[in-house]
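One structure below.
Here, each number is a calculation from the coordinates, and none is a lab measurement. These numbers were taken from a predicted model, which means no experiment stands behind them. In this analysis, Cβ positions are derived from the backbone assuming ideal geometry, glycine residues included, and neighbour counts consider all displayed protein chains.
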Amino acid sequence: MKTILTPVDFSSATRGVLAVAVELAKTTGGRVVLLHAVQHPVITTDYGLTAEVLQETLAINEGAARKQMAHLEKSLAAKGVPVATRLVSGFAAGNILEQAGKVRAAYIVLGSHGHTAFYDLLVGSTTNAVLKKAPCPVVVVPPERKKKGKKKR
């Protein structure tokens, strides 16, 4: 059974990514492994976060992510697709590449948020990092285009 690793960040891009992953899974007789990387909080003050506050923040973020992953898992299972979930901690790109090896991914399906080149220069692009080092084919789902409404006359 082919494994389709599908990293999700719960953004507006997630719906499109899941649609492509489900279609690919059904076409190949595969399963979807949903992956979410809980990122550590960014410390932006001179005082930083105490270890206690940091652990509490991580626990809250992980709890929220678990709920969202359970919802997505249930949604995909209802569509007749075998699905598993993985929740990891840390930066997305490294975790995606590591998990691709662990689950022996046949494909990685992930979204592109369509940030500007300047944003990618400053922050880095998860998609770009995965494309450069992925051990399997990568399907990049572009952001959904907003449909322009027709004006009534």
Could you please find all residues in segment 74-83 being exposed (fewer than 13 other Cβ atoms within 10 Å of the Cβ) and in contact (Cβ under 8 Å) with a residue 24 or more places away in the chain? 80
Restricting segment 1-14 to residues that are surrounded by 14 or more Cβ atoms within 10 Å (Cβ to Cβ), under 20 Å from residue 80 (Cβ atoms) and of a type outside the set (Ser, Thr, Tyr), which is nearest to the chain's Cα centre (by Cα)? 8
Mind listing whichever residues of segment 86-115 are among the basic types (Lys, Arg) and in contact (Cβ under 8 Å) with a residue 12 or more places away in the chain? 86, 104
